[in-house]
Structures are given as C-alpha cells and as structure tokens.
Amino acid sequence: MSTFEKVRDIVVEQLGVEADEVTIESTFIDDLGADSLDIVELIMAFEEEFGIEIPDEAAEKIKTVQDVVTYIDQNK
Amino acid sequence: MLLDGKCALVTGASRGIGRAIAVKLASEGAKVALNYAGNAAAAEEVKKEIEAAGGQAITVQADVSDPASVEAMIQTVVDAFGQIDILVNNAGITRDGLLLRMKDEDFDAVINTNLKGIFYTTKLVSKLMMKKRFGRIVNMASVVGLTGNAGQTNYAAAKAGVIGFSKSAAKELAARGITVNMVAPGFIETDMTAVIPEKAKEAMMGGIPLGRAGKPEDVANAVLFLVSDQAAYITGQVLKVDGGMVM
C-alpha cells in the first residue's frame, strides 16, 4: 500500500468518512469535518502506524492529506 | 461487581483517602495500581489488604510533581494491566502557613504536586483513554478550593486550580467517552488533618450540619460512584463530601 492509501484508511477510520471522500488535496478541517481534537488523534494514529514521531511544530503545519503524506515520506 | 474488568490508577494510594479509594475500587472488581511517593511499606500493606480480600493490585513509586517520574509510572501500569480505564488523582500535600509568612518553596511545592501533578497524569492517561473511547477521571479537589481557608493560600489555590483544570478537561474529552469529575472533601479524619490544632477542629465541627468528621470511606464511596457506569451521564461536576459544611 502507498503512504496515501494507508493515510486514507486511518482517516476513514478516525473520522468516519467514506474512502472516496478522502483525496490527496482534502483538508482535514474544511473538507473532512475534523475538529482540533480529531487532528490530535489523527496525528497519534499516524505516529503509531508509521512508527514516527511528529513534533508539535510539524503537526501544526499539517492541513491537508498531502501535508501528512509528504511529512511521512520525508521522515520515515 | 461495579468495576469488573476495569483497571485503575490511584495516586497517593498508600494512606488516608487514597488508600480508602484504592481498597474500595478493588473491592468492586477493578485491578488497582497503587501509586506512592515515599512510603513503599505502606503501599505494600495496601496491596496485601486488597489481595487478602481477593482483589488485584500493584504498587508503583512516582513523584507526581516530576513529569519523567509520571511517565515512567504510567508505562509501568500499562505494562502490567495493558490499559488504564480509571484515573484517580488523589496525591496531595499541605504546607500551611499565613500568607505573610508563606515561603516561595512552600507555595510551589503545593502547586507542583496538587495541581501540576494532575496535569501530568491526566495528559498522558487521557491519551490512552481517547484511543479506547472510554475513561473515568476523578480529581481530588477540596471544599477549601471553593471557600478559601486562612493559612492555606497555596493549598486553596491549587485546589481551585484543580476545579478549573478538570472542567476544561471534561469539555475537551467528553466527545471521546471520557468523564472528568471532582470530589471535594470537607474535614476528613486522616494524617493530613491530624495536625490541625484541637481548637480549630472543634470550630470546624461546629460548622458541619451532619455533626461529625468524615471518614476516608465516605470519600471513597463518592469516587466509586463517579467512576462507575452509574455516573455515565455526569461530567465536570464537583461532588462535595463534607457533611453539609459547604452548601
């Protein structure tokens, strides 16, 4: 599975959205309806799935699915 | 039993109110981690008492005012139990003195243990609870945090802080199935209150409609209720256990 597909699966599970709603351009808050606590939980889930640590400064910059995929690909 | 299959962490569980809470939760089927700061022998005694009654418990040393110590404690509990469903932040100290004589270190010590300690434990444990979409957190406040008390500017500030902290956490965590409530004891017979001068005790008793000092078990019963399924629809509340002292 590509990083995007794994990220998409986590987003689907955490936010209860349909897989086809999650595109690489989707923004978590505006497009996918996440609130700030959802974002914290998503970051925790990404950290667990990919075995990485996403520091708060990096987490704050994550707005879209692309941001996450890029961060993970650069740091895993 | 009310807490079958649940795992609990009680801070400051080696004596007084914490001890009574730990014993009570264990008697209702919870596995209980008994945190203590310094008195390993006392914590071990509580563990034996729980085991003698057919319950399960472990002891874990940690100074709740030290974030690294708290982190290690929570790791120990998770390694032993696999989860934490119930967190009772009970650990607390007093360093009483009149405001004009209050030393910086006495003010800080009380804030660090009684308020910041709760921040450290709740931050880490709520993360575990969020993943499970379930949690029961009870923080020990005090009626002094509501009314103030001469000689306890530090303690009252910390306990009032606990109330603000807990209500905020209750709002943040409610959507994840986690409740955060507070128990505010009045005058309870423990080592902490044993040092109060006899005259002051008598004056206090005069202000208690139910006419007696509380026992640690009175507080433990309130905590049991708040961590049980019976209190599933209650969050962000301060339950006073004070014989009617403050209404």
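Would you be able to say whether some residue in segment B:106-116 is basic (Lys, Arg) and either within 14 Å of chain A (Cβ to nearest Cβ) or buried (at least 16 other Cβ atoms within 10 Å of the Cβ) (or both)?
Yes, segment B:106-116 has at least one match.
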Complete set of residues in segment A:43-53 that are more than 12 Å from chain B (Cβ to nearest Cβ) and either open to solvent by 60 Å² or more (accessible area, probe 1.4 Å) or of a type outside the set (Val, Ile, Thr) (or both)
A:Phe46, A:Glu49, A:Phe50, A:Gly51, A:Glu53
Name the one entry in A:Asp56, A:Asp31 that is of a type in the set (D, E, K, R), within 14 Å of another protein chain (Cβ to nearest Cβ) and open to solvent by 60 Å² or more (accessible area, probe 1.4 Å).
A:Asp56
Can you find a residue in segment B:77-87 that is crowded, with 17+ Cβ neighbours inside 10 Å, touching a residue at least 24 places away in the same chain (Cβ under 8 Å) and in contact with an Asp or Glu (Cβ under 9 Å, 6 or more places away or on another chain)?
no
Selection from segment B:33-58 of residues that are β-branched (Val, Ile, Thr) and either part of a helix (DSSP H, G or I) or crowded, with 22+ Cβ neighbours inside 10 Å (or both):
B:Val46, B:Ile50
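If we only count helices (runs of 4 or more DSSP H) wholly inside segment B:122-205, which ones have 1 or more residues that are buried (at least 21 other Cβ atoms within 10 Å of the Cβ) and away from chain A (no Cβ under 14 Å)?
B:144-147, B:153-173
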Of A:Val40, A:Val69, A:Val17, which residue is closer than 21 Å to B:Lys123 by Cβ and surrounded by 13 or more Cβ atoms within 10 Å (Cβ to Cβ)?
A:Val40
Cβ contacts < 7 Å: first residue free of Cβ contacts under 8 Å to residues at least 40 places away in the same chain, restricted to segment B:186-209; second residue open to solvent by 40 Å² or more (accessible area, probe 1.4 Å), any location; separation 6+ or different chain. Result?
B:Glu189/B:Lys215; B:Gly207/B:Met245; B:Ile208/B:Met245
Any chance you could count how many residues in segment A:32-76 are out of contact with any Ser or Thr (no Cβ under 8 Å at 6 or more places or on another chain), under 19 Å from A:Glu5 (Cβ atoms), assigned to a helix (DSSP H, G or I) and not hydrophobic (A, V, I, L, M, F, W, C)?
9
Selection from segment B:1-32 of residues that are open to solvent by 10 Å² or more (accessible area, probe 1.4 Å), over 11 Å from B:Ala220 (Cα atoms) and touching a residue at least 60 places away in the same chain (Cβ under 8 Å):
B:Leu2, B:Lys6, B:Gly12, B:Arg15, B:Glu28
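The values are calculated or read from the model by the stated rules, or taken from the named source; none is laboratory data. A quick note: this is a predicted structure, and the numbers were derived from the prediction, not measured. Backbone-built Cβ (ideal geometry, glycine too); neighbour counts: all protein chains shown. The protein model used for the area step is the full one, side chains on, heavy atoms only, and it has no ligands, DNA or RNA in it. Shrake-Rupley method; radii C 1.70, N 1.55, O 1.52, S 1.80 Å.
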